[in-house]
Amino acid sequence: MTGSLISAGLRARVRELATPIALALGSLGLTPNVLTFIGFLGSGIAAVAAAQQAWLVAGILVIAFGVFDLFDGALARASNRVSRLGAFYDSVFDRAGELLVYLGILWGALDFGLWLPVVLTVAAMAAATMVSYTRAKSESLGFTQGSGMAAIGLAPREVRLAILSLGLIVAGLLPGFPVDTDGAGGAAYPPSGLVLDISLGLIAILATITTIQRILHVRAQAKEG
């Protein structure tokens with residue numbers, strides 16, 4: 001099984017919709033590389049919000065700058081400024097931004113005083129890293145060149161960010177630990193923590209499946225070669 005939750009047709013449609021906005025940003029003097037750096041900065045701000053347990057703000061920023069990430073590539077293609085350096089920046093800063101958000105969540109989860117959110121955050125971060133690594137390593141060895149590997153697996157970056165942002169937003173709308181934890185029900189597991197556990201656990205599972213799918217895909221290509 002090598003299918004993704006995002007079809008190639010949907011990817012193409014989203015890129016088509018992103019092009020006019022990207023060109024508008026380009027008309028303001030912004031270059032594709034500048035858009036990449038802005039997206040990374042937005043991820044850093046989301047990480048700070050998550051570290052402060054401002055889950056709602058963090059979730060909104062994650063989805064906003066996740067969408068914003070479409071514009072650097074769209075602008076590069078539309079303005080004929082595609083370059084290997086730009087592609088390198090885009091890939092590196094996308095991964096770094098995603099990891100920053102997980103680190104912010106980890107910091108915020110530590111304040112819960114519970115071990116499960118911490119473990120699940122680390123698991124999600126590690127699994128997401130493996131998804132990116134399998135793509136980078138396979139392409140460096142000549143397998144699935146171009147953007148082909150992006151369509152392999154259930155949870156590419158877009159799916160992970162959608163799950164993560166939804167989990168953060170819902171967690172932000174639900175109560176956390178009460179101020180007075182000595183009162184009735186004060187030590188109960190916080191609903192916001194439960195939602196984070198579910199979303200992070202789902203990311204860890206889907207990303208692990210995606211890594212396995214990509215390994216099997218490369219294995220099949222190697223046999224064909």
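The values are calculated or read from the model by the stated rules, or taken from the named source; none is laboratory data. Note that the structure is a prediction, hence the values are computed from the model and not measured. Cβ atoms come from the backbone with ideal geometry, glycine included; neighbour counts cover every protein chain shown.
Only one of THR144, THR208 is modelled with pLDDT under 95, surrounded by 15 or more Cβ atoms within 10 Å (Cβ to Cβ) and among the polar types (S, T, N, Q); which?
Answer to the check: THR144.
Looking at (1) crowded, with 20+ Cβ neighbours inside 10 Å; (2) modelled with pLDDT of 90 or more; (3) closer than 30 Å to GLY193 by Cβ, which one does LEU35 not meet, given that it meets all the others?
(3)
Let me confirm something: among GLY108, GLY113, which residue is outside any helix (DSSP H, G or I) and out of contact with any Ser or Thr (no Cβ under 8 Å at 6 or more places or on another chain)?
GLY113
Filter the stretch 150-175 for residues that are part of a helix (DSSP H, G or I), more than 16 Å from the chain's Cα centre (by Cα) and surrounded by 15 or more Cβ atoms within 10 Å (Cβ to Cβ) and give the result.
Those that are part of a helix (DSSP H, G or I), more than 16 Å from the chain's Cα centre (by Cα) and surrounded by 15 or more Cβ atoms within 10 Å (Cβ to Cβ): VAL170, ALA171, GLY172.
Which residue, of PHE71, PHE112, is farther than 29 Å from ILE212 by Cβ, among the aromatic types (Phe, Trp, Tyr) and crowded, with 22+ Cβ neighbours inside 10 Å?
PHE71
What pairs come out if I take residues in the stretch 17-28 that are free of Cβ contacts under 8 Å to residues at least 60 places away in the same chain and pair them with residues that are basic (Lys, Arg) and in a helix (DSSP H, G or I) whose C-beta lies under 9 Å away, six or more apart or interchain?
THR19/ARG77; ALA22/ARG77
Can you spot a residue in the stretch 54-62 that is touching a helix residue (DSSP H, G or I) at 6+ places or on another chain (Cβ under 9 Å), part of a loop (DSSP other than H, G, I, E, B), among the hydrophobic types (A, V, I, L, M, F, W, C) and touching a residue at least 60 places away in the same chain (Cβ under 8 Å)?
Looking through the stretch 54-62, at least one residue is touching a helix residue (DSSP H, G or I) at 6+ places or on another chain (Cβ under 9 Å), part of a loop (DSSP other than H, G, I, E, B), among the hydrophobic types (A, V, I, L, M, F, W, C) and touching a residue at least 60 places away in the same chain (Cβ under 8 Å).
Among the residues in the stretch 6-15, are any farther than 26 Å from ARG135 by Cα and more than 16 Å from the chain's Cα centre (by Cα)?
no
Please go through (1) assigned to a loop (DSSP other than H, G, I, E, B); (2) within 17 Å of GLY167 (Cβ to Cβ); (3) not β-branched (Val, Ile, Thr) for ARG81 and return the number of the only condition it doesn't satisfy.
With (1) assigned to a loop (DSSP other than H, G, I, E, B); (2) within 17 Å of GLY167 (Cβ to Cβ); (3) not β-branched (Val, Ile, Thr) applied to ARG81, the lone miss is (2).
Based on what the data block shows, is VAL101 more than 16 Å from the chain's Cα centre (by Cα), of a type outside the set (Ser, Thr, Tyr), at pLDDT 90 or above and surrounded by 15 or more Cβ atoms within 10 Å (Cβ to Cβ)?
Considered against the rule, which asks whether it is more than 16 Å from the chain's Cα centre (by Cα), of a type outside the set (Ser, Thr, Tyr), at pLDDT 90 or above and surrounded by 15 or more Cβ atoms within 10 Å (Cβ to Cβ), VAL101 comes out as no.
When you go through (1) at pLDDT below 90; (2) in contact with a helix residue (DSSP H, G or I) (Cβ under 7 Å, 6 or more places away or on another chain) one by one for VAL170, which number turns out not to apply?
It fails just one condition, (1).
Applying the selection to the stretch 20-32, what residues are crowded, with 16+ Cβ neighbours inside 10 Å and outside any loop (DSSP other than H, G, I, E, B)?
Those that are crowded, with 16+ Cβ neighbours inside 10 Å and outside any loop (DSSP other than H, G, I, E, B): ALA22, LEU25, GLY26, PRO32.
Could you check how many residues of the stretch 79-98 are surrounded by 13 or more Cβ atoms within 10 Å (Cβ to Cβ), in contact with a Pro (Cβ under 9 Å, 6 or more places away or on another chain) and of a type outside the set (A, V, I, L, M)?
Residues meeting the conditions: 5.
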